[in-house]
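Here's the structure we're looking at; comments come further down.
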Amino acid sequence: MSVAEPTPTAETFYAGAYARILRFMLGAAIVAALALGLALGWRVSLGFAIGCSIASLNFYWLKRVVSALADRATHSDSRESSRGVVLRFLLRYLLIAVGVYVIFRSSSVSLHGLLAGLFLPVAAIGCEAAYEVYVALRRKI
């Protein structure tokens, strides 16, 4: 079974996936934070917003780390040091741990919102996957 070469239209479409994921993240964060605020109160909503912020920053840093590692693997004359890449990778988890600790110490109710907010990229990637399936079936990309 041979694999078909991607068309320029398909390549352009899939190249926009990262930007669409960011838009899905922003939309989902706003809608969910407002819904949580109305349904469960401002503390849960605030915890969720903080979790979304941490998750968004984490997602951005993850993209940068993966890009830096890919550049290092393909170009030996990369500007960025391995130490900086690893340090940023570990800093992501430190930031999450600090956020969880601060929220846990202030309000255990907000902790539930924070933990839910950390799953924001998962929801956005799921939306992107569903959108790509829809477009692929609709436009035959």
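FYI, it's all coordinate maths here, none of it is from the lab. Every value quoted in this text rests on a predicted model; they were computed, and no experiment measured them. Here the Cβ positions follow ideal geometry from the backbone for every residue, glycine too, while neighbour counts run over all protein chains shown.
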Compute the relative contact order of the range 15-139 as a whole-number percentage, counting only Cα pairs closer than 8 Å that sit 6 or more residues apart in sequence. 44 percent
Order by protection proxy (mean Cβ within 10 Å, highest first), peptides 129-138, 112-121: 112-121, 129-138
What is the dipole size for the range 15-139, taken about its Cα centre, with +1 at each Lys and Arg Cβ and -1 at each Asp and Glu Cβ, in debye to the nearest 20? 80 debye
For the chain, what value does the Rg/Rh ratio take when both radii are computed over Cα atoms and Rh is the Kirkwood radius, given to two decimals? 1.08
How far, in degrees from 0 to 90, does helix 108-117 lean away from the longest principal axis of the Cα atoms of the chain, to the nearest 10? 10 degrees
Residue-averaged 222 nm ellipticity for the chain, from DSSP H runs of 4+ at -39500 (n - 2.57), nearest 500: -29500 deg cm²/dmol
Mind checking which of Thr74, Ile96, Ser108 is farthest towards the positive end of the chain's charge dipole, using Cβ charges of +1 (Lys, Arg) and -1 (Asp, Glu) about the Cα centre? Ser108
Order of 93-100, 26-33 by packing, highest average Cβ count within 10 Å first? 26-33, 93-100
Extension gain Ala130-Thr7, at 0.36 nm per residue separation less the Cα-Cα distance, in nm? 42.2 nm
